[in-house]
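Reading through the structure tokens given below for one structure.
The values are calculated or read from the model by the stated rules, or taken from the named source; none is laboratory data. Note that this is a predicted model, so its numbers are computed, not measured. Cβ placement follows ideal geometry from the backbone for every residue including glycine, while neighbour counts extend to all protein chains displayed. Calculation scope for accessible area: heavy atoms of the full protein, side chains included, ligands and nucleic acids excluded. Shrake-Rupley method; radii C 1.70, N 1.55, O 1.52, S 1.80 Å.
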Amino acid sequence: MGVVANLVRVFMTWFLAYVVFVGLILVLGHGLLARAIGQAAARRNMSYVMPWMVVGFAIAFTTFLITPLRQTGWSFFYLTYVIGSGLWLLSWPWRKRRAGSLLLNAGRIWHHRVLFSVGVLEVVIAAIITWITWVAMTDFVDISSTVVQLSLKITFWWMVALFILSLGLNKLELREDGLCFLYTVIPWRRMKSYTWEATHPNTLTIRIEPPRFLCLPNSMSIRVPEAHRGAIDQIIQTHIPIGTADSLALS
């Protein structure tokens, strides 16, 4: 019973710390978004984050309870993420070319700069985890049985940092067959309507059908540079039927 009680106490401490940390991230993130793109658009964009927070909690919960029992399965997760993220980044030039010729390069916008800052922070986190893991490796008697998993763990965190930094270095581009944003091509045919936020005229909100991912909202808001707003609006009007700008209905 003592072991179980201690495990429950450790878990509750960890759980409360996680909730506080996530709560602070959500509050700060919403405040930052609201200031940049407006309250309504911030609420919609934050709704994208919530499902991933749940996924993050599930992964962290699994790490706490199951990892010691399923080392092979956890190593598979690390390897899958590293390979998947690497292929996603490496395939970008090909996917971008498939989107057709370039119509407008809006450069690195506000979203990219924020992500780059997060990526820099993630580099620091990856470095700390690397150091802690390296120190922990010296405590294992049979290091050969753990070196693969620990190496994959270190690679995983550095890939997370690389991926976020890459997102921050990406650019907003409007191409012949779609909009390129954060290593994703959104075809014009999936953009059913758009609008410019009344309180933040440089914030473009588009409705996408079907949504980019299951269980996620069917809209996204992008803060575009004021210098490119007119050109972006003109391009969008040629690809989305006239009149949809005033008929945007977002939940």
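Go through the stretch 146-215 and name the GluC sites (Glu not before Pro) that are in a DSSP coil and have 13 or fewer other Cβ atoms within 10 Å of their Cβ.
On the way: sites: 173, 176, 197; in loops: 176, 197.
Listed in order of number, the matching sites are 176.
Per residue, how much accessible area does the stretch 75-199 have with a 1.4 Å probe, in Å²?
Values: 6780 Å² over 125 residues.
Per residue, the stretch 75-199 has 54 Å² of solvent-accessible surface.
Please list the non-local residues whose amide H lies under 5 Å from the amide H of residue 193, H modeled 1.01 Å from N, same-chain partners needing a gap of 5 or more.
207
List the lysines whose Cα sits under 29 Å from the Cα of residue 96, skipping any in the same chain fewer than 8 residues away.
Correct list for residue 96: 171, 192.
From the phi angles alone, apply the Karplus equation (6.51, -1.76, 1.60; θ = phi - 60°) to the stretch 153-158 and give each ³J(HN,Hα) in whole Hz, x where the residue is Gly or Pro.
Per residue, the Karplus-derived 3J(HN,Hα) values read 4, 5, 4, 4, 5, 6 Hz.
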